[in-house]
Amino acid sequence: MKQQIQAWIQSHFPLLIGLGIGLLLGILILTIGFFPTLLLMVCGGLGALIGGISAIRNLISGWIERLLNKIFYKF
């Protein structure tokens, strides 16, 4: 029985991911509204983009490191 459930989940995994995302978006839209949900999606997408591309991540971390060095080691 357990193997049958695992096989069904593996064969329908994209469907389950889509269901979960749709359910989450529906709950967010009903509770906080459309535009705040849209803003969360955009911010999450930008965060995933920045976190997923190592060149951008290295550029931003270098920028933050230089900024913090200027702030804390100014004197």
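Rule-based calculations on the coordinates, nothing more; no lab input. The model shown is predicted, which means the values in this text are computed figures rather than measured ones. All Cβ positions, even for glycine, are placed from backbone atoms using ideal geometry, and neighbour counts span all protein chains on display.
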*Filter the helices (runs of 4 or more DSSP H) completely within the chain down to those with at least 2 residues that are surrounded by 10 or more Cβ atoms within 10 Å (Cβ to Cβ) and more than 16 Å from the chain's Cα centre (by Cα).*
2-11, 13-32, 54-72
_Single residue of GLY44, GLY62, GLY33 found to be out of contact with any Leu (no Cβ under 7 Å at 6 or more places or on another chain) and at positive phi_ = GLY33
*Is it true that MET41 is closer than 28 Å to ILE60 by Cα and not acidic (Asp, Glu)?*
yes
*Go through the residues of segment 50-62 one by one and say whether even a single one is in contact with a helix residue (DSSP H, G or I) (Cβ under 7 Å, 6 or more places away or on another chain), in contact (Cβ under 8 Å) with a residue 12 or more places away in the chain and not aliphatic (A, V, I, L, M).*
no
